[in-house]
Each structure stands twice: as C-alpha cells, then as structure tokens.
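Notes for the one structure printed next.
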Amino acid sequence: MSFKTLGQFIIEKQGDFPYAKGELSRLLRDIGIAAKIINYEVNKAGLADILGEHGVQNVQGEKQQKLDVYADEQFIQALSRGGECCYIASEEHEEGIDLTTQPYSKDAKYIVCIDPLDGSSNIDLNVSVGSIFSIYRRKEKEGQPVAIHEVLQYGHEQIAAGYVIYGSSTMLVYTTGKGVNGFTLDPSIGEFCLSHPDMKIPEEGKTYSINEGNYLRFPQYVKDYIKYCQMEDPISQRPYTSRYIGSMVADLHRTMIIGGIFLYPETQQYPQGKLRLLYECNPMAFIIEQAGGKALSGQERILDIQPTQLHQRSPIVIGSKKMVEKVEEFLMENEHVLY
Ligand code: P6P
C-alpha cells in the first residue's frame, strides 16, 4: 500500500491557500529535512559520542546535551539554506537569529519559533524526545531586519505549527489551521508518509498527566483537580490513570491519540509555570485546538496571551475539551484561593 509522502501532501494542500506561491510548502519541507537528519542521530545516540553534556549552558541555565546543540544547528542550517525563513527564535539562543542579512533569506516572509529538542534531559534515558515548531508570517515589509514585535505575535496568529516525536517510530504532526495530519517516517525510503489523516483528540479521556512531585506547591484548584481524578466514580471512569513521561511532546502525543489532559501549572516556586510560550505552549495549543481540544494558561486561552519576551513561560492545562473544562470549574470554585 503506497502512502502519500509529506511532500506530496503539502503540494496537494497548497490549494487551500490560493495566494500562496509555495513558500510555506518549501518551509515545511525544510523542517522535514532537518527532522530526518536529527532522527538519524537520535536513533543512534546511545552509540555515538553524542551523549552527555556539551559542557555549556543554554539560556535556560540548563546543561546543554550535545544532541540539543546538534538539533539546533540542523534546524538553523535547513532554515537558513531553504530561503523561506527570515528569523529564528530558538530555545537554545538567548537572542533571535535574523536571517534577513543572508542573501537567500533577505526577502523571506516566515518567522520560526523552535524548541529543537524538547525533553532533552531524557536523551540518556532512551525516553522519547521531540522537536516543536511554530510559524508566523512577518508583519513588516520583506527585506528589512525583523523587529521584535513581529516575533511576539499572539498564538492565534500562527500560520502553522507542528512537532516531531522521535519515539518507537518517528512522526511529524502539523497543522496550518485546517485540521491536523500525522506523518510517520519510513526509514526504508527516508520519507514521512501520511499515516494519521485528520487527527482528532477524543472529547474525554481517562488519563491525567502532571508532575505530582510538585503537589504541595500547586495552587488549590490543581490539588482539587488531582483528587477529583483519583476519586472512584465508575460513571466517569474514575479513578483516571496517571501517566507522566516528562517529555512534553511524548505526553501530548499520547494525549492526542487516546485523549486525556496534560497540566504544567504555576507553582509558588514558578508562578509563570515552566514551559515556554512561544515554542512549546503556543504551537501545542494550536495543534490541540485544531484537533478539537482546548488549551488554557488557567485563566485564559493560551493562544490569546500577548507575548512580551522570547523565552517567557506560561502555565498550561491542555487536552480533551471536557477535561480542560472540568479544571476550569475547579479554578472558578477557588478563584479567591491561591495556595
Ligand atoms: P519536570 C522537558 O525538560 C520539559 O521542558 C518538557 O518537555 C516536559 O514536559 C517538562 O519539561 C518536564 O518538567 O519539571 O516535570 O521535569
């Protein structure tokens, strides 16, 4: 049975954007190329001397794993050579990378925010890791340096978003605002092939995903929701199952497939939560909403948050629509109680 490749699918869907001249198609192709190269290294990380710390720290103050650095380099190389990207905001760089000074990218239209290798602390543990990307169209005229306000756009202004999960199989899942489609890498031909057309997240699920080690630091509404998940209630199929991999892409891919809810809320220690708005929360929220789910920071829709900094964090409650709405109920009940 021959599957449609990512390239064939992108060209076929180009018709959805009558004014597009193929730039977004080529940009998605470039991201796919980087993902295939990274996948090759991730798959043999245990063998090559690519494990272990790179000895330097990234902007998050986290020890960079060599594979982090490698993944970042591959995306920057693919995007700067592809000529469709004018600016890259990467988790691995404190400042954004303006490509308008490069001959190929001077007139490029698209801004890419990226977490080149999310969950990288799991690399040495052979746990699934992933790449996350978010694409915006620049607001000012092409050809001039990109201004920061063009990067700090609302999540609901994203043109496209996606993730790659390097797991038991490698998948690329993305949306351009017209549904979500999943492609599985066929290593025998080196192509991503359409394996999960028109992905939809179940409205309900039986799995909740949160780092319960932070329980005592959570706000009251989160504590109440965790207890709700653990209570016996055969009608709503509780107690739910707890699943937490510690790799956002892996936890959210499972949530996409079987339903459920993922929470990384604010704590007394991290009042803004841990996950990054531009290249973790926004792209995953766009994908989950396009698949019929919901994504909040607690009080507000993730995609309606006005970003103010490249690396700002946001609390996140994301997944099956009805489960996120249940958390909202606990939030309302505790609106005057914080911790
Ligand atoms: P914690 C990985 O480091 C990451 O950025 C996400 O992929 C993951 O969901 C989260 O942090 C895990 O954080 O504090 O539970 O280890």
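The values are calculated or read from the model by the stated rules, or taken from the named source; none is laboratory data. Bear in mind that the values here come from a model prediction, so they are computed numbers and not experimental data. Cβ: placed from backbone, ideal geometry, glycine included. Neighbour counts: every protein chain shown. We work out accessible area using only protein heavy atoms, side chains counted, and drop any ligands, DNA or RNA first. Shrake-Rupley method; radii C 1.70, N 1.55, O 1.52, S 1.80 Å.
Structural descriptor for the chain: relative contact order 15 percent, calculated from alpha carbon pairs under 8 angstrom and at least 6 residues apart.
In straight-distance terms, cross-link reach from Lys139 covers every one of the lysines whose alpha-carbon lies under 18 Å from its own, apart from those fewer than eight places away in the same chain; here that gives Lys21, Lys106, Lys109. Taking a ≥ b ≥ c as the square roots of the Cα gyration tensor eigenvalues, with a/c under 1.5 meaning rounded and otherwise prolate when a/b beats b/c, else oblate, which class fits segment 6-196? Judged from the Cα gyration tensor, segment 6-196 comes out oblate (a/c at least 1.5, b/c at or above a/b).
Local charge for Ile38 was computed over the other residues whose Cβ lies under 11 Å away, with Lys and Arg +1 and Asp and Glu -1, and equals -3. Each peptide among 150-158, 33-41 gets the average number of other Cβ atoms lying within 10 Å of its residues, and from highest to lowest they stand as 33-41, 150-158. According to the square roots a ≥ b ≥ c of the eigenvalues of the Cα gyration tensor, what is the shape class of segment 287-333, taking rounded for a/c under 1.5, prolate for a/b larger than b/c otherwise, and oblate for the remainder? Here segment 287-333 falls in the oblate category.
By how many nm would the segment from Glu157 to Gln306 grow when fully extended, if each residue of separation counts as 0.36 nm and the alpha-carbon distance is taken off?
Once the chain is fully extended between Glu157 and Gln306, it gains 52.6 nm.
Mean residue ellipticity at 222 nm from the helices of the chain, using -39,500 (n - 2.57) per DSSP H segment of n ≥ 4 over the full residue count, to the nearest 500 deg cm²/dmol? About -8500 deg cm²/dmol. Expressed as a whole percent, the accessible surface of the chain that belongs to carbon and sulfur atoms is 51, based on a 1.4 Å probe. Taking all protein chains into account, the per residue accessible area for segment 207-333 stands at 39 Å² (1.4 Å probe). Here the chain is treated with +1 on each Lys and Arg Cβ and -1 on each Asp and Glu Cβ, and its dipole about the Cα centre works out to around 580 debye. Once both axes come from the Cα atoms, what is the angle between helix 23-43 and the longest principal axis of the chain, in degrees from 0 to 90, rounded to 10? Between the helix axis and the principal axis of the chain, the angle is about 70 degrees.
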